[in-house]
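Worksheet: one structure, shown below.
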Amino acid sequence: MKTRVVSAADPHATTYALDVLHHQGLVAFPTDTVYGLAAAVFDPAGLDRLFAVKGRNQTKAIAVLLAELTQLDRVARDLPDRAKKLAAAFWPGPLTLVVPRAPGVPEVISVDGTIGVRIPDHDLARKLIGLTGPLAVTSANLSGAENTRTAEEVLAQLDGRIDLLLDGGRTPGGLPSTVVDCRSGELKILREGPVSRDQIRAAA
């Protein structure tokens, strides 16, 4: 398989991506942090491919990206008040919130009944997710390898392994999102990133 590369400026770019995702394919695209690699959330075969292509252990959860808050109910439930406050303060942006997973979301997304969700601060990413619905997105690299910030870096690791790459130039960020577990009364920072611990405490 040869990976197709399409400029993000192509007016049909998101249409091509939508078609790939509807056929259990994988699409890489830029976000506000690093390039992401996506499969459709409710496509178990596509999700299995996502884990296989990255060489990722299926015990590791995959986050879900949204285009807007109205999509949240499709993948999450019973949001704690502190999660709502953090979403209001930092979305769109580089903050992933771990909350209870909604019924019907494939268990392979996360083995412990949770789901990590965020809205990226990136026009192309949100436009695509607005068309497709929520997407399971992980960094567009091989597990354990360097994160990717350009299309060339994505191809260096994943050429021939994924179906489509939307080339949107260098991503504005460089660090993966901050990840916060919001399920208990005490917030737990699972991964530090662009949103600092102090910012989270102030907003929550």
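The values are calculated or read from the model by the stated rules, or taken from the named source; none is laboratory data. All of these numbers come straight from a predicted model, not from anything done at the bench. Methodologically, a virtual Cβ is constructed for each residue, glycine included, from the backbone with ideal geometry; neighbour enumeration extends over all protein chains shown. These accessible areas exclude ligands, DNA and RNA; they are computed on the full protein's heavy atoms, side chains included. Shrake-Rupley method; radii C 1.70, N 1.55, O 1.52, S 1.80 Å.
Per residue, segment 28-90 exposes 42 Å² of accessible surface when a 1.4 Å probe is rolled over the protein heavy atoms with every protein chain present. For the chain, taking the reciprocal of the average inverse distance between every pair of different Cα atoms yields a Kirkwood hydrodynamic radius of 16.7 Å. Residue order by solvent-accessible surface for Lys2, Lys54, Lys60 is Lys2, Lys60, Lys54, largest first, with ligands and nucleic acids left out and a 1.4 Å probe.
The magnitude of the dipole of segment 87-204, with charges of +1 and -1 set on the Cβ of Lys/Arg and Asp/Glu and taken from the Cα centre, is near 360 debye. For segment 81-117, backbone nitrogen atoms closer than 15 Å to the point 7 Å from Ser143 Cα along Cα-to-C-beta are found at 108-111. The smallest convex shape that holds all Cα atoms of segment 17-98, its convex hull, gives 111 Å³ per residue. Dipole magnitude for the chain: about 360 debye, using +1 per Lys or Arg Cβ and -1 per Asp or Glu Cβ, origin at the Cα centre.
Sort Asp43, Asp73 by accessible area with a 1.4 Å probe, largest first. Present the calculation step by step, with values, prior to reporting the outcome.
Details: Asp43 25, Asp73 130 Å².
Listed by decreasing accessible area, they come as Asp73, Asp43.
On a straight-distance basis, which lysines could pair with Lys84 in a cross-link, Cα separation under 17 angstrom, same-chain partners fewer than 8 positions away excluded? Candidates past the 8-residue exclusion: Lys188. Farthest towards the positive end of the charge dipole of the chain, among the residues Val137, Pro80, Val195, is the Cα of Pro80, using unit charges on the Cβ of Lys, Arg, Asp and Glu.
For an R0 of 30 angstrom, estimate the FRET efficiency from the Cβ-Cβ distance between Arg201 and Asp112 and round to the nearest 0.05. Taking R0 as 30 Å, the efficiency between Arg201 and Asp112 is 0.75. With respect to the chain, whose longest principal axis is taken over its alpha-carbon atoms, helix 44-54 is tilted by about 80°. Lys2: which lysines have alpha carbons under 21 Å from its alpha carbon, excluding same-chain residues fewer than 8 sequence positions away? Reachable lysines: Lys54. These residues, His23, His122, His12, go from largest to smallest accessible area, 1.4 Å probe, as His23, His12, His122. Ranking Val179, Leu155, Leu65 by how far each Cα lies toward the positive end of the dipole of the chain (charges on Cβ) leaves Val179 at the top.
Over the chain, with every protein chain in place, what whole percent of the accessible area is carbon and sulfur at 1.4 Å, could you tell me?
Working: 4510 of 9220 Å².
Summing carbon and sulfur atoms, their accessible area is 49 percent of the total for the chain.
Report the Cα centroid-to-centroid distance between segment 86-162 and segment 3-61 in angstrom, as an integer. Result: 9 Å between the Cα centres.
Contact order, relative form, for the chain: 33 percent (alpha carbon pairs under 8 Å, 6 or more residues apart, mean separation divided by residue count). Helix 13-22 and the long axis of the chain differ in direction by around 80°, with both axes built from C-alpha atoms.
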